[in-house]
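The values are calculated or read from the model by the stated rules, or taken from the named source; none is laboratory data. As the structure is a computational prediction, the values presented were derived from the model and not from experiment. Cβ atoms come from the backbone with ideal geometry, glycine included; neighbour counts cover every protein chain shown. For accessibility, only protein heavy atoms count, side chains too; no ligands or nucleic acids. Shrake-Rupley method; radii C 1.70, N 1.55, O 1.52, S 1.80 Å.
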Amino acid sequence: MSDSMKEVVEALDPVSRHIIPPDIALGTLVPLKTILELRDNLSLGLAYVTRAPNKVTNDVVNIARALAGDDAAKNLPHLRRCVKPADIPPHLKTQFMNEGNGRQVHLGKSNWLYIVLGPKDEMSYDELVKGLANIDDIRDDIFVGTIPVPLLAPTSQVQANMWSQQFWQTVYRKNNPLGPHPSTISRTEAVVSRDASVWMTLAHQIAKKSQKAGYGEPIGAVIVKRTIPGKNESGKQTALKEGARESDFSNGEGAGADGDNCNSRPEADEGVNGIAHGAAAEVPDGIVQDVKQPDASNLEAQAQDSTKSDPEAKETTQIVAIAADARWHQQEKTGRIGNPMAHAALRAISMVAQKLVRAEDRPKSEQKMVDFEAFQDKPLLSDEQLVFDEDHPCPDGYLCHELELYMTHEPCTMCAMAILHSRMGRIVFRHRMPLTGGMSSEDRGYDMCGASGACGEGLCGGGQGLGLHWRKELNWTLLGWEWESDSIESLPVDAHLHA
Ligand SMILES: [Zn+2]
């Protein structure tokens, strides 16, 4: 064991130190890609534009919003909503000037603006025209043009400038609209990589124990709580912040102050732009960051503040739950599926939940509805029991809020959604499950199972990866890594298996 690993092990909680094997297998973390990061960056679509006098642009924007809904992506937040005739790309100027009352609109003293309404696919043309016809100043000459626009936000200022020339005025927000900000990943990775090998080795160990005992497939999960010194641990506050974060999401993720600004009536702009406030915040290093990303940077910033007063304070990690797959426990081993409620991730999350209930001192309902114990969420192996008997280190927050999950295999779609709903903060897994996993975003190949596959053909698969670690439309995102290691034996399972 290297000196740095010795140091890590010595800092572990007593139960973890007791159950870890003598040899910790080392591995490397590789960040998971999001679906958007893997998609072609320049994905174009058609958008409707119209034009209107300055004083009614908010009425126009409201009509467009009503048709496109609140889904921020549909409102193309990276495009400047309202643009002066002089500032639209030259080829559009030439085209639009010659339509309807275009000549007057493009006169130097004109107070008209061009307004992006939204993606063509998201709104009915007839409804749109009907809505615009309600506005007195444009009723007599309703203009609706169609232009190609980039559907995703730019990833650099250079790209934004280019798109502003080619398509429409584009705003770059100095974040990564396609996934977690690179600085968030690298800072968190620096922290997680110190002890990820410990937790992954433990996950492997419990997986093998469960397989040996005949309880389940060789799949293991470990849930860890990382405590950053000085970080506010008040669950109540966390819950409140959480609520705010979620409402931010639903109000229009990423809609920024300038993108939607029509520079017309300041008091009315408030209404249109209200959602924008707080969408981005300055962090100390000057990076404008999306505060709704459950990233470590803000927490670390807070931590840095408070560690100034207490330089000795050290970050600690503590195991909260460990669970192996138990799909064959109390279950006849026929077929290939077993008990899906006994997947390792579900059992581990349930054990966290039971600890929270215990901390609240609520009497557990021990009523058995049926003889068959579907959830299999009582500890089965002695390591599981040891960890289970320890109290939750911080039983205040919501279920798995900001906890870390280490797994031997990529969790199945069901477990991936459970992980997301539990508000897990980070996930690390080793073996990809290209046919059944829910976290990876890469497209699923057609030759993943081989001719020996249970499908008989070796041709199943296909379709897009789900990338459930980072789907902002699901109101939660977590940072995810694959863990690559040559120093611990791999745990092969059937390619069709749902881990
Ligand atoms: Zn599962």
Residues of the range 392-432 classified as open to solvent by 10 Å² or more (accessible area, probe 1.4 Å), away from the ligand (no atom under 15 Å from the Cβ) and hydrophobic (A, V, I, L, M, F, W, C), total: 2
Inter-residue pairs, beta-carbon under 7 Å, first at positive phi and within 13 Å of the ligand (Cβ to nearest atom) and in the range 335-356, second open to solvent by less than 10 Å² (accessible area, probe 1.4 Å) and outside any helix (DSSP H, G or I), 6+ apart: G338/R327
Residues located in the range 462-499, provided they are outside any loop (DSSP other than H, G, I, E, B) and within 16 Å of the ligand (Cβ to nearest atom): G480
Members of the range 94-115 that are open to solvent by 40 Å² or more (accessible area, probe 1.4 Å), at negative phi and touching a helix residue (DSSP H, G or I) at 6+ places or on another chain (Cβ under 7 Å): M97, R103, N111, W112
Pairs where the first residue, in the range 122-143, is more than 17 Å from G69 (Cα to Cα) and the second is open to solvent by 50 Å² or more (accessible area, probe 1.4 Å) and among the small types (G, A, S), C-beta under 8 Å, 6+ apart: D141/G100; F143/G100
Contacts under 7 angstrom Cβ, first residue in the range 84-103 being in contact (Cβ under 8 Å) with a residue 60 or more places away in the chain, partner part of a helix (DSSP H, G or I), 6 or more apart: P89/Q165; P89/Q166
Single unsatisfied condition, A72 versus (1) in contact with an Asp or Glu (Cβ under 7 Å, 6 or more places away or on another chain); (2) modelled with pLDDT of 95 or more: (2)
Test: residue in the range 228-242 that is at pLDDT 65 or above, surrounded by fewer than 23 Cβ atoms within 10 Å (Cβ to Cβ) and at negative phi: yes
Looking only at the range 1-23, and only at residues there that are more than 30 Å from the chain's Cα centre (by Cα) and in a loop (DSSP other than H, G, I, E, B), the one that is surrounded by the fewest Cβ atoms within 10 Å (Cβ to Cβ): P22
Residues located in the range 116-155, provided they are open to solvent by less than 40 Å² (accessible area, probe 1.4 Å) and assigned to a loop (DSSP other than H, G, I, E, B): M123, A133, I135, F143, V144, L152, A153, P154
